[in-house]
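Shown next, in structure tokens, is the structure this report addresses.
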Amino acid sequence: MDTTILIILGIILLCLVILNYITMLQSSQDPVRKRPIRASCGQTTFGCCPDGVNSKINFYGTNCPTYKPGPGYYRTSYPKAPKQLSE
């Protein structure tokens, strides 16, 4: 009687180990868990531009494509890189 109980418990333990292994395989192949975490513009300090894609670099969103400066202010363009001189 003692050996039959040990055999039954061994079979139950083996089944639990196999089920655990199968669930570990399925969770590692889950495409949702493999997706990289992407930062969104909503997680930045100043939030999103009105287009919902770009991040603001300041409170006013002067880098946003739809930014319209108020009267008396001109949008400054960033300086262009100098041309490379060929020898």
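We did not get these values from a lab; they are worked out from the coordinates using the rules stated. Values in this document were obtained by computation on a predicted structure and should not be read as measured data. Ideal geometry is used to build each Cβ from the backbone, glycine not excepted, and the neighbour counts take in all protein chains shown.
Between Leu19 and Ile7, what length in nm is gained on full extension when 0.36 nm per residue of separation is reduced by their alpha carbon distance?
Between Leu19 and Ile7, full extension yields 2.5 nm more.
Multiply the residue gap between Tyr60 and Cys41 by 0.36 nm, knock off their C-alpha separation, and tell me the result in nm, one decimal place.
5.4 nm
Computed FRET efficiency, Cβ-Cβ of Gln26 and Lys68, R0 41 Å: what is it to the nearest 0.05?
With a Förster radius of 41 Å, E is 0.20.
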